[in-house]
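A short write-up of the structure that comes next.
The values are calculated or read from the model by the stated rules, or taken from the named source; none is laboratory data. As the structure is a computational prediction, the values presented were derived from the model and not from experiment. Note: areas computed on protein heavy atoms with side chains; ligands, DNA, RNA excluded. Shrake-Rupley method; radii C 1.70, N 1.55, O 1.52, S 1.80 Å.
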Amino acid sequence: MKPIPDHAVNRLRIWRKSVSTRPFLALGGSVPRCDACQLRHDWCACDWRPALKAEAGFCLMMYDSEPMKPSNTGRLIADVLPDSTWAFLWSRTEPHPELLALLADPAWQPYVVFPACEKAPDRLTGEVVLAPGKKPLFILLDATWPEARKMFRKSPYLNHLPVLSLQPEQLSRYHLRRSTRMDHFCTSEVGALCLELAGELQAAQALEAYLDVFTHHYLQAKHQLPVAADDATHLRLRGLTETGK
């Protein structure tokens, strides 16, 4: 059994599971999974998990059962950047005190990351401009799109923060859970775009490649097919990981 990485999303998942009144069943029923990567054991991706460091930080605000879902990709951000990722369950009226303290920490410059199609024109920006001595903190609403829109509208403690609207040129390549719009991105894709915007190119590329590997393992497990560990997807991640050593 692979050890579970000690990072914010895994700690949140363990806590959420401990307070649940009934077992969480992933889509497709209950199957034995690796506790670390949440994939079926024979398709475990733990050996491919990179762990890097970055100046940028991530604050994942997760909707209720999101930490429990095997297809959740916010966890991949914490896998890659365990020392600069925080995770909290979302609450409209009772945000976690540690979340509020993080948002008020003078070391960070928070940005709520959300599409420009949502109505917050006076808060919108398309770039990261940092005050001296500050690092970017990207706040990601980790949920389905209907849930994320609700979170965006009903989180008054975020209303004073700028909204970073990404304008990616490519369409989403994520295939595990799908929005009806191809210009809507999964949480991990958004994280990679934020890192690129912040100038953290190695971390951005590693996170993007890790998502591709995770997706490959997940879909191969779904169809009971072997993992192609020597394909271009895996070789790219290996190359990025070895470059960073």
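Between the amide H of residue 62 and those of 88, 89, 90, 142, distances stay under 5 Å, these residues lying 5 or more places away or on another chain, with hydrogens modeled in the peptide plane. For residue 186, the amide hydrogen comes within under 5 Å of the amide hydrogens of 174, counting only partners 5 or more places away or on other chains and with H modelled in the peptide plane.
In this structure the chain gives 51 Å² per residue of accessible area when probed at 1.4 Å with all protein chains present. Across the stretch 198-203, computed HN-Hα scalar couplings (Karplus, 6.51 cos²θ - 1.76 cosθ + 1.60, θ = phi - 60°) run 7, x, 8, 5, 5, 5 Hz from first to last residue, x flagging Gly and Pro. Where a ≥ b ≥ c are the square roots of the eigenvalues of the C-alpha gyration tensor, would you call the stretch 1-146 rounded, which needs a/c under 1.5, or, failing that, prolate if a/b is larger than b/c, or oblate? It comes out prolate by the Cα gyration axes.
Once you reduce the stretch 209-245 and the stretch 147-167 to the center of their Cα atoms, the two points are 33 Å from each other. Remark on residue 85: its backbone amide H falls under 5 Å from those of 58, a criterion applied only to residues 5 or more positions apart or on other chains, H modelled at 1.01 Å from N. Would you mind checking 17/53; 69/150; 69/135; 2/53; 17/150 for any pair whose Cα atoms are more than 26 angstrom apart? As for pairs spanning more than 26 Å Cα to Cα, those are 17/53; 69/135.
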